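**Q** Okay, handing you the structure first.
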Amino acid sequence: QVQLVESGGGLVHAGGSLRLSCAASGSIFSINDMAWYRQAPGKRRDLVASITSGGSTNYADSVKGRFTISRDNAKNTVYLQMNSLKPEDTAVYYCKIVRPPWPYWGQGTQVTVSS
């Protein structure tokens, strides 16, 4: 059974940094394309960043230059380093297996950025 467990969220002031982690189990992680999504109250869940099994990355325009997605296959973990945080980044952050397609989500981790 595939499980995704996000961690690392918290409360920070604008301009601060956080590093989110997503630990995956029950899958052959090294072949998975992974992504981070976020969802604020009343908003849709949007793609933030993605990383392929080969390490290629893409970012939403709103976070480009501030966030970095990475992975450590030996630890079955994907990370999201978030710098220069803004109040608009406040949301619950989720990681996801996007390839092979997997329709389930973990519990997410809350990120709150105060002004």
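A short reminder: the numbers here are calculations on the coordinates, not readings from a lab. Note that the coordinates shown come from a computational prediction; the quantities given were computed from them, not determined experimentally. Neighbour counts run over all protein chains shown; Cβ positions are idealised from the backbone, glycine included.
**Q** Any lysines with Cα under 16 Å of the K64 Cα? List them, leaving off those in the same chain fewer than 8 positions away.
**A** Within the straight-line limit of under 16 Å, K64 reaches these lysines: K86.
**Q** How large is the charge dipole for the stretch 1-82, taken about the Cα centre, if only the Cβ atoms of Lys, Arg (+1) and Asp, Glu (-1) carry charge, to the nearest 20 debye?
**A** Numbers: 9 positive and 5 negative charges, 39 e Å.
Using only the charged Cβ atoms, the result is roughly 180 debye.
**Q** Rounded if a/c is under 1.5, else prolate if a/b is larger than b/c, else oblate: which is the stretch 48-87, with a ≥ b ≥ c the root eigenvalues of its Cα gyration tensor?
**A** oblate
**Q** Dipole size in debye (nearest 20) for the stretch 70-115 around its Cα centre, Lys and Arg Cβ +1, Asp and Glu Cβ -1?
**A** Result for the stretch 70-115 is approximately 200 debye, rounded to the nearest 20.
**Q** Report the normalised scattering of the stretch 11-90 as log10 I(q)/I(0) at q = 0.12, 0.20, 0.23, 0.26 Å⁻¹, calculated by the Debye formula with identical scatterers on the alpha carbons.
**A** For the requested q values the scattering log ratios are -0.35, -0.91, -1.12, -1.29.
**Q** Can you check what the Kirkwood hydrodynamic radius comes to for the stretch 52-115, Cα pairs only, in Å to one decimal?
**A** 13.4
**Q** Can you tell me the relative contact order of the chain? Whole percent, Cα pairs under 8 Å, sequence separation 6 or more.
**A** 36
**Q** Would you mind computing, in nm to one decimal, how far apart the modelled labels at T52 and Q81 are, each placed 7 Å from Cα along Cα→Cβ?
**A** The modelled label-to-label distance comes out at 2.2 nm.
**Q** What is the distance in Å between the Cα centroid of the stretch 1-25 and that of the stretch 37-115?
**A** 9
**Q** Could you sort 93-101, 23-31 so that the peptide with the highest average Cβ count within 10 Å comes first and the rest follow in order?
**A** Final packing ranking: 93-101, 23-31.
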